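Read through the structure below, which is laid out as structure tokens, and then see the notes.
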Amino acid sequence: MAKQLLLEYLPFIIRPELIRESTSRNGGRLIVSGKLQSANTKNQNGRIYPRPILEREIERYMDNEIAQKRALGELDHPESSVVNLRNVSHNILECKWEGDDLVGTVEILGTPSGNILKELFKAGITLGISSRGLGSVKELHEGDDDDGSVEVQPDFELITFDFVSNPSTHGAFLAPVDKKHFGENIIKEGIEHRINEYAKAEGLVRDIICELSGVCCI
């Protein structure tokens with residue numbers, strides 16, 4: 001089976017007041033912590049990641065990218081398996097398992113994309129943490145109860161975790177370190193709410209880019 005780019009989305013919310021607490025406790029650095037991925041659970045894309053496959057990839061990721069301080073991620077998913085340094089917004093500091101949930105600690109960097117991300121957090125915008133990897137999937141057939149689920153296969157390769165504006169998987173919420181508030185202010189359901197959130201985010205991004213670069217976007 002041919003490999004494809006596999007993107008998974010996990011919604012999270014960071015309360016603006018916790019951002020101030022995190023930066024004051026960490027010498028001005030914004031560090032957030034929360035759920036990054038889940039094993040053995042069907043996500044809203046219909047994919048199931050077996051625990052042994054995720055464990056293997058996370059162990060490799062920790063031994064290489066995280067240990068070498070190059071576990072970089074981007075603001076929004078590119079349609080690529082390569083991390084674009086010009087769009088890097090954060091660095092994964094550590095990962096660990098809590099049951100079948102993978103939780104991690106993430107530092108928001110002072111890059112242009114990182115600054116945009118920080119300002120979106122301050123504005124209370126709902127974003128998402130999203131894994132990016134390469135791999136193939138296999139359909140799971142369970143007779144009349146088949147629900148269209150697919151299982152990620154052993155050729156899966158984890159690339160990184162990105163921040164995105166389109167959360168679509170069962171919820172993980174990142175919170176500034178020292179004040180972990182998981183599951184608060186869960187994203188509301190409904191197309192109208194999501195459209196309003198994305199429109200608000202788009203307008204804020206334009207304003208932030210204008211302020212940071214001195215070039216206003218229309």
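The values are calculated or read from the model by the stated rules, or taken from the named source; none is laboratory data. Fair warning: this is a prediction, and the values are worked out from it, not measured in the lab. Here the Cβ is made from the backbone with ideal geometry for all residues, glycine too, and neighbour counts use every protein chain on show.
Which ones in the range 59-73 are free of Cβ contacts under 8 Å to residues at least 60 places away in the same chain and not hydrophobic (A, V, I, L, M, F, W, C)?
Within the range 59-73, Glu59, Asp63, Asn64, Gln68, Lys69, Arg70 qualify.
Select from the range 59-78 the residues that are in contact with a strand residue (DSSP E or B) (Cβ under 7 Å, 6 or more places away or on another chain) and at negative phi and list them in ascending order.
Correct list: Tyr61, Met62, Ile66, Ala71, Leu72, Gly73, Glu74, Leu75, His77.
Tell me which residues, restricted to the range 86-107, are surrounded by fewer than 21 Cβ atoms within 10 Å (Cβ to Cβ), aliphatic (A, V, I, L, M) and modelled with pLDDT of 95 or more.
Passing the criteria: Val88, Leu93.
Identify the residue in the range 2-58 that is at positive phi and without any contact (Cβ under 8 Å) to a residue 40 or more places away in the chain and, among all such residues, is surrounded by the most Cβ atoms within 10 Å (Cβ to Cβ).
Out of the qualifying residues, it is Gly28.
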